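Q: Mind looking over this structure? Questions follow.
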Amino acid sequence: MKQMLEKNVLVVGSINVDYVIHTERLPKLGETLTGSGFSMNFGGKGANQAIAVAKAGCHVRMLGAVGRDHGGDLALQNLETFGVDCSPVLRSDRPTGAAVITVCGGDNHIILDEGANRTVTPQCVRDAEELFAWAKFVVLQLEIPVETVCEAAKLAKKNGASVILNPAPVKEVPAELFPFVDWVIPNEFEAEILTGIAQNNDADVRAAIDAFRAKGCGNALITLGKRGCAYLENGEMRRFGVFSVPVADTTAAGDSFIGGLCVKLCEGATVGEAVAYATATSAITVSRRGASASIPTAEEVREFLKAHRI
């Protein structure tokens, strides 16, 4: 029955307002620097991934929480602008989650106040079980309580949905979570923390992927920065490189990759096709400033791949 569903994706995760400033270098302790290009953007790993999935053409519902404040109003308006159904989003007495982001040399340095995201409890997830019955894929991250992520993964599997886990920001997770995960997608740093294996070469990467599978995950894909990514297909480890683009801001790079991969898997594409699409999505994203606004549409990704003869 689930195979007959349309492209229905439920994202359970964080919704933030990002306060971004650019600087040529980071300040030393006690030092004040003059920056430039200040902006207020809308982010949160959950929200970014929901927008990436929606822009690529899936039906997306968002389960999370924002405050009863102006930032929460604006964050929901932003999600709805991109076609994300926010009717399941809860309103909390805590302030909307906030991220203070310093962009230096194209890399971002983030300080996060979880705010309302902390109020997304396991009971909130249980109260919304009909969403898991609706979904073909459920996308999770770790900017909401870990126990809530575990409950969401269990409910997804109970209702026949596939689970994608982006274990970021990385933190200790219970072993019971992994058997409910179809795809775990960490970056190399997150993979090292969770497996104890540094990815110095292909043998290390394969060992880390195998370690995730030993924990119970159906599959693992590790993003390796400028070295591209690595994943298993038909039991063999495969690599996909990166596209050469000018880097303006890496803020939503990983989130857009997750969204692109999810959409193609939801459409029934091969893993290789999904990885190529996800990599192109991420490449376009980092060439632009901002979080959700920088994520490309499906048409933009198709044109990008066509230009690169893929």
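No value in this document is a laboratory result; all are computed from the given coordinates. Just so it is clear, the structure is predicted and the values come from calculations on it, not from any experiment. Cβ atoms come from the backbone with ideal geometry, glycine included; neighbour counts cover every protein chain shown.
Q: Take every Cα-Cα pair in the stretch 166-244 and report what % of them are more than 16 Å apart. Before the final figure, lay out each step's value.
A: Numbers: 1346 of 3081 pairs.
Roughly 44 percent, rounded to a whole number.
Q: Using only the Cα atoms of the stretch 35-141, construct the convex hull and provide its projected area averaged over every direction, in square nanometres to one decimal.
A: With the hull built on Cα positions only, its mean projection is 7.6 nm².
Q: Could you give the size of the charge dipole of the stretch 50-208 about its Cα centre, using +1 on the Cβ of each K and R and -1 on the Cβ of each D and E, expressed in debye and rounded to the nearest 20?
A: The dipole of the stretch 50-208 has a size of about 440 debye.
Q: Looking at the stretch 1-106, which GluC sites (Glu not before Pro) are DSSP coil and have at most 14 other C-beta atoms within 10 Å of their C-beta?
A: Glu6, Glu24, Glu31
Q: Quick one: which of 59-67, 299-307 comes out on top by average Cβ neighbours within 10 Å, and what's the full order, highest first?
A: 59-67, 299-307
Q: Within the set of other residues whose C-beta is less than 14 Å from the C-beta of Glu130, count the net charge using Lys and Arg as +1 and Asp and Glu as -1.
A: 0
Q: Here is a follow-up. Can you compute 3J(HN,Hα) from phi for each residue in the stretch 216-228, using the Karplus curve 6.51 cos²θ - 1.76 cosθ + 1.60 with θ = phi - 60°, rounded to whole Hz and x for Gly and Pro?
A: x, 5, x, 7, 9, 10, 10, 7, 10, x, 5, 8, x
Q: Using 12 Å as the cut-off for backbone N distance, which residues of the stretch 100-116 belong to the label zone defined by a point 7 Å from the Cα of Ile21 along Cα→Cβ?
A: Residues passing the 12 Å test: 100-103.
Q: Counting other C-beta atoms within 10 Å, and keeping those with at most 16, which DSSP coil chymotrypsin sites (Phe, Trp or Tyr not before Pro) do you find in the stretch 98-143?
A: Loop-located and lightly packed - none at all.
Q: Next question. Based on other C-beta atoms within 10 Å, arrange Ile258, Ile310 from fewest to most.
A: Going from least to most buried by this count: Ile310, Ile258.
Q: What are the semi-axes of the equivalent ellipsoid of the stretch 114-159, taken as the square roots of 5 times the eigenvalues of the Cα gyration tensor, listed largest first and rounded to whole Å?
A: Whole-Å semi-axes of the equivalent ellipsoid: 18, 11, 9.
Q: Next question. Quick one: dipole size for the chain, taken about the Cα centre, charges +1 on Lys/Arg Cβ and -1 on Asp/Glu Cβ, in debye to the nearest 20.
A: About 460 debye.
Q: Pairs to check: Lys136/Lys157; Lys45/Lys158; Lys154/Lys215; Lys215/Lys264; Lys55/Lys306; Lys7/Lys158. Give those whose C-alpha atoms are more than 22 Å from each other in this structure.
A: Violating the 22 Å Cα-Cα cut-off are Lys45/Lys158; Lys215/Lys264.
Q: Pairwise over distinct Cα atoms, reciprocal of the mean inverse distance: report the Kirkwood radius of the chain in Å, one decimal place.
A: On the way: mean 1/r = 0.0517 Å⁻¹.
Answer for the chain: a Kirkwood hydrodynamic radius of 19.3 Å.
Q: Taking the stretch 172-310 as the region of interest, what is the percent of Cα-Cα pairs per 5 angstrom bin, listed from the shortest bin to the one with the maximum distance?
A: Distribution as computed: 2, 10, 20, 22, 20, 14, 9, 3, 0 percent.
Q: Starting from the exponent 0.38 and prefactor 2.2 Å, build the expected Rg for the stretch 245-310 from its residue count and divide its actual Cα Rg by it.
A: Normalised Rg, Cα atoms only: 1.02.
Q: Sticking with this structure for a sec: Mind ranking 88-97, 176-185, 230-239 by how tightly packed they are, going by the mean number of other C-beta atoms within 10 angstrom, highest first?
A: Numbers: 88-97: 19.6, 176-185: 21.7, 230-239: 14.1.
Those peptides, ordered most packed to least, come out 176-185, 88-97, 230-239.
Q: Could you give the nm distance between label points at Met237 and Glu6, where each point is 7 Å from its Cα heading toward the beta carbon?
A: 4.1
Q: Separation between the Thr81 and His308 pseudo-spin-labels, each 7 Å from Cα along Cα→Cβ, expressed in nm?
A: For Thr81 paired with His308, the spin-label model returns 2.7 nm.
Q: Could you derive backbone 3J(HN,Hα) for the stretch 16-25 from the dihedral phi with the Karplus parameters 6.51, -1.76 and 1.60 (θ = phi - 60°), listing whole Hz in sequence and x where the residue is Gly or Pro?
A: Karplus-based 3J(HN,Hα) across the stretch 16-25 equals 10, 10, 9, 10, 10, 9, 9, 8, 6, 8 Hz.
Q: Using the Karplus curve 6.51 cos²θ - 1.76 cosθ + 1.60 with θ = phi - 60°, what ³J(HN,Hα) values do you get for each residue of the stretch 253-263, in whole Hz, with x for Gly and Pro?
A: Result, rounded to whole Hz: 4, x, 5, 5, 4, 4, x, x, 5, 4, 4.
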